[in-house]
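The values are calculated or read from the model by the stated rules, or taken from the named source; none is laboratory data. This one's a predicted model, so the numbers in the text were calculated from it and none came from an experiment. Cβ: placed from backbone, ideal geometry, glycine included. Neighbour counts: every protein chain shown.
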Ligand code: FES
Ligand code: FES
């Protein structure tokens, strides 16, 4: 059994402690906004926040997340109000297929929490998510618009 | 009771599309009894196959093409709404099922979503669907008022009787309209009257992609569902010999270990991770077969021999190229090579199946619902009326999820061994890398001839490599020749070459290794554009001419090709000095009916060991542009796909299997490497078939960058990816 706190809610689940957090979130808790893309920490589709830090949940065992505050894409909006990046994503129609975008948004949300108005160089350094649809230009524009308003 | 005809294998072979673009169907689509019109999900009758209108004026537009990120459902909705005159704010969309379509004699047309044809091949009948529905709605209102329909007009879902000023709404008359006969001969608007087509309408499908709500195939949950993951024989052509299920059956959550066909084995468990853990621990013995001896080096040697083979299929020829070469004052020769590539859509392959002896249902992200349906019918062994497929939006497709429905067949074969239990088959990324349908491998030898005045007098372009059609849709071969191999090089049509060369020969020595080829975004234009456009730069250099001037002289008969090239040259500032250290390159092509060109600005770092792509100007002339904002997004996205391949990607073969396993060995570019992309969308109209958008521009980025790299360094790179030359993407 493991106790995980996700988006402010506590879940007791029957999972082996070495299971990647990604699969606990998706299959045991049933929050499927967090995606599987590679399973080896390369693509960032599975990005969630642990205590405010962006981490790739496919590469974190459940055992390492016990007692910590985990936020997934489902918890990015607060009290039903979308995060400003989510709003900008809609305004710019950033997502194409959308599959990578949960991870992209979580990675960027962690960045702008620390760096409220990131420069291009800061975005480039922090964001290494793969997007096979190639939304990078729209991502960049939307981040700047959302943070420089 | 079964009054339905048995499945006929030859019932519906749709193969005439060989000349039509990227994807063409070749599967047998089983017949199914005709059924009544389909009610919308909440039981409201349709106006026609395309349009359902609810009492609250919500408009449900049905479409057969699949949304995989390219924006096709938004574009298709624009086409319908343009003619329907309904309120855009109240538009939603839904997919008819392939089973319904088959039952209604393919009323929604082709489901295939590939070859950049979602819009261009369906715009007429989709617009007609909207126009017909509008006519029926107006007629219903007019009947209700007892006035002639000619006195009524419709705008934004409101019908007005002009003389009296009375109004009603679509929602109020929809039930009556649904009962009217379908009118014939409804006229479509002149493009000059369009108010929604051609506008950058917002996508209809964005909201759920930013909050985790959107359900992809990989996310599907059904009551009592198990998750399966699979290993197919690593060597294509090999077989599954044995496995030792007892070794893993005791592991937590594991429910069953099953053979899948003759080549694969799957583990079913309560969660994916438990299934994967058990599959990794499962002792498996393969019979890898003869193909296990094949390596990339052997394939390359075989293709190399084809560069000078006496026999070849001719794709385009005029004059006498061989004589021109023999009599040349000067000859220029180069050999290029393009590797195998995996599609690697972000969402790994998956399908969910529920089988009982009298019904088989499949949920699948697919580019071709009908192909999925055909695969499900075949794998289930059930008659077509007992099979249904529900399409789910895709987490990327790029050609992998169209004609190839291996994952559907597998899911059904697994579910058959677990009757009554829904089974989601989800591949690992590693399985996806090893069992792709790879961009075909190709080499090319080009020889150009000049006379004493440095005029280009001839060109021989010999392709040697793999045919997609020979493997996938052999019935679409043209007396053995694969015309798709020559995409971008055709004498005329959707893939017409943009140059007039006095003596020209383009031919193909077909060599088909055992690695399965497929339609990879852009298909054969990826390599053909590099071959032709880089070699033209080589010829310009040999002639001592500017690459733009040299091309333009050959383009007198190709004004639309030249127009896009001119547009990018002007915007990038060709002929004017670039910033210090910045170098430029150009490329153009016609593909999928669209004219496209790119001009790149790069600089090199680290003594030529790294390329920074600063800016790419891209021009697209699709003749008609439905949603220019979405076109721009597709263009910049296509460069990410194309440049990732140029710099990083290849699938190599060792011991008969693909060596790359995941994104660590098959890399994809990141935001730091993204150039600024400036799109010029320049629809020129006219009566030629509309051009597509999803694929064409992908091919021009790579040669534009390579030509710029030559301008910067004097080095020609002719084999790919660039990482093999120690060149990184800065
Ligand atoms: S799935 Fe975790 S980084 Fe790719
Ligand atoms: S939007 Fe499709 S992979 Fe990023």
Do we find that residue A:62 is under 21 Å from residue B:251 (Cα atoms), within 13 Å of another protein chain (Cβ to nearest Cβ) and surrounded by 16 or more Cβ atoms within 10 Å (Cβ to Cβ) in this structure?
yes
Residues of the range B:599-624 classified as surrounded by fewer than 24 Cβ atoms within 10 Å (Cβ to Cβ) and in contact with a strand residue (DSSP E or B) (Cβ under 7 Å, 6 or more places away or on another chain), total
9
Applying the selection to the range B:383-397, what residues are over 24 Å from the mean Cα position of the chain (by Cα) and within 12 Å of another protein chain (Cβ to nearest Cβ)?
none
Residue A:25: within 17 Å of the chain's Cα centre (by Cα), within 12 Å of chain B (Cβ to nearest Cβ), assigned to a helix (DSSP H, G or I) and modelled with pLDDT of 95 or more, yes or no?
yes
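One line per residue, one yes/no per condition, for (1) free of Cβ contacts under 8 Å to residues at least 24 places away in the same chain; (2) outside any strand (DSSP E or B); (3) at negative phi:
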| position | (1), (2), (3) |
| --- | --- |
| B:316 | no, no, yes |
| B:371 | no, yes, yes |
| B:385 | no, yes, yes |
| B:388 | no, no, yes |
| B:401 | no, yes, yes |
| B:404 | no, yes, yes |
| B:407 | no, yes, yes |
| B:420 | no, yes, no |
Restricting to the range B:329-382, and then to whatever is within 16 Å of ligand 1 (Cβ to nearest atom) and more than 30 Å from residue B:706 (Cβ to Cβ), can you tell me which residue is nearest to the other protein chains (Cβ to nearest Cβ)?
B:347
Quick check: is even one residue across the range B:216-226 within 14 Å of chain A (Cβ to nearest Cβ) and touching a helix residue (DSSP H, G or I) at 6+ places or on another chain (Cβ under 7 Å)?
no
Options A:64, A:77: the member that is within 16 Å of ligand 1 (Cβ to nearest atom) and over 26 Å from residue B:669 (Cα atoms)
A:64
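Could you list, in sequence order, all residues of the range B:175-203 that are outside any loop (DSSP other than H, G, I, E, B) and in contact with a helix residue (DSSP H, G or I) (Cβ under 7 Å, 6 or more places away or on another chain)?
B:176, B:177
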Test residue A:109 against the criterion of being farther than 26 Å from residue A:135 by Cα, more than 8 Å from chain B (Cβ to nearest Cβ) and more than 15 Å from ligand 2 (Cβ to nearest atom), and give yes or no.
no
Within the range B:222-236, track down each residue that is more than 17 Å from residue B:427 (Cβ to Cβ) and either without any contact (Cβ under 8 Å) to a residue 24 or more places away in the chain or buried (at least 21 other Cβ atoms within 10 Å of the Cβ) (or both).
B:235
So, in the range B:169-204, how many residues would count as being free of Cβ contacts under 8 Å to residues at least 40 places away in the same chain and at positive phi?
1
Give the number of residues within the range B:577-612 that are in a strand (DSSP E or B) and more than 21 Å from the chain's Cα centre (by Cα).
15
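Okay, residues lined up against (1) at negative phi; (2) part of a strand (DSSP E or B); (3) within 14 Å of another protein chain (Cβ to nearest Cβ):
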site: B:60; (1), (2), (3): yes, yes, no
site: B:67; (1), (2), (3): yes, no, yes
site: B:75; (1), (2), (3): yes, no, yes
site: B:100; (1), (2), (3): yes, no, no
site: B:107; (1), (2), (3): yes, no, no
site: B:135; (1), (2), (3): yes, no, no
site: B:138; (1), (2), (3): yes, no, no
site: B:163; (1), (2), (3): yes, no, no
Quick check, is residue A:88 in contact (Cβ under 8 Å) with a residue 40 or more places away in the chain and within 16 Å of ligand 1 (Cβ to nearest atom)?
no
Which of the residues spanning the range A:112-141 are away from ligand 1 (no atom under 16 Å from the Cβ) and either within 7 Å of chain B (Cβ to nearest Cβ) or surrounded by 21 or more Cβ atoms within 10 Å (Cβ to Cβ) (or both)?
A:118, A:123, A:124, A:134, A:135, A:136, A:137, A:138, A:139, A:140
Quick check on my filter: what residues within the range A:35-49 are away from ligand 2 (no atom under 16 Å from the Cβ) and under 21 Å from residue B:213 (Cα atoms)?
A:48, A:49
State whether the residues of the range B:237-253 include one that is surrounded by fewer than 23 Cβ atoms within 10 Å (Cβ to Cβ) and closer than 28 Å to residue B:68 by Cβ.
no
Take residue B:632 and tell me if it is surrounded by fewer than 24 Cβ atoms within 10 Å (Cβ to Cβ), more than 8 Å from chain A (Cβ to nearest Cβ) and assigned to a strand (DSSP E or B).
no
For the condition within 16 Å of ligand 2 (Cβ to nearest atom), closer than 29 Å to residue B:205 by Cβ and crowded, with 18+ Cβ neighbours inside 10 Å, what is the one hit in A:102, A:57?
A:102
Please state which one of A:74, A:16 is facing another protein chain (nearest Cβ under 9 Å), in contact with a helix residue (DSSP H, G or I) (Cβ under 8 Å, 6 or more places away or on another chain) and more than 16 Å from ligand 2 (Cβ to nearest atom).
A:16
Considering every residue within the range A:29-44, establish whether at least one is within 7 Å of chain B (Cβ to nearest Cβ), at pLDDT 95 or above and part of a helix (DSSP H, G or I).
no
